[in-house]
Amino acid sequence: MTFETIETSRLLLRKVTPEVYKFIYENYSDNECVVFLGLNSLEELAKEKAKFKKGLSAYDKTFLIFQLIEKESEKVIGMCGFVRHYPDHFRAEFGYWLFSEEVKNKGYMSEVAQPIITYGFEKMNLHRIEAMVGPYNIASLKIIEKLGFSKEGLMKAHYLRDGIFEDSLVFALINI
């Protein structure tokens, strides 16, 4: 299988879809899967495989994300992309995360976000890209603002984290 990539100054962005997960789980050893996915252990792989078995996509929704791979170390350091893609409605929810504290605050998300948004509008034919951000997530709020997202509202008790329901601010970019 050939993996589609986008290149930035410091990173390779490797496209991952449900089909990619299926391919690697069927063709790679567990240790190769751990490396490919940027995981730290076979236990983390078991959790990822359990999610896969539950179904990563449905008839009306899927995802398309990019692994962030440091060119220098070839290490997977995070993900960025469309965590909920509704092809029939030409919209998707934008999401991103880094795997460790040591790679945060280095400008990686600022580097990759715009090329991935451009990919969404141009290659996926998206009309709308949404982002849900916790009101206290200052770093993410800065990224979303820098990208030109418009604030649309607040969703009360939208996200469950560590047993506590948290609010989410709703942002969107419309492809005009």
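Every number in this text was worked out from the coordinates using simple rules, so none of it is lab data. It should be emphasised that the depicted structure is a prediction, and the values quoted were computed from it without experimental measurement. All Cβ positions, even for glycine, are placed from backbone atoms using ideal geometry, and neighbour counts span all protein chains on display.
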Simple label model, 7 Å out from Cα along Cβ direction - ASN125 to GLU111, nm: 3.3 nm
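With 21 Å as the limit, write out which pairs from LYS51/LYS106; LYS75/LYS106; LYS22/LYS54; LYS61/LYS123 have Cα-Cα distances beyond it, or answer none.
Beyond 21 Å: LYS51/LYS106.
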Helical contribution to [θ] at 222 nm, DSSP H n ≥ 4, -39,500 (n - 2.57), averaged over the chain, rounded to 500: -9500 deg cm²/dmol
Full-extension gain in nm, PHE165 to GLU48, via 0.36 nm per residue minus C-alpha separation: 39.7 nm
Alpha-carbon centroid distance for the pair region 1-18 / region 42-77, whole angstrom: 13 Å
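Starting with the highest mean, order 2-13, 45-56 by the number of other Cβ atoms within 10 Å, averaged over the residues of each peptide.
2-13, 45-56
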Gap separating the Cα centres of region 20-40 and region 106-176, nearest whole Å: 28 Å
Leading residue at positive end of dipole, region 1-155 (Cβ point charges), from GLY78, ASN31, PHE149: PHE149
Peptides ranked, highest mean first, by Cβ atoms within 10 Å: ranges 131-139, 61-69: 61-69, 131-139
Mean Cα-pair separation over length for the chain, i.e. relative contact order, pairs under 8 Å, 6 or more apart, %: 15 percent
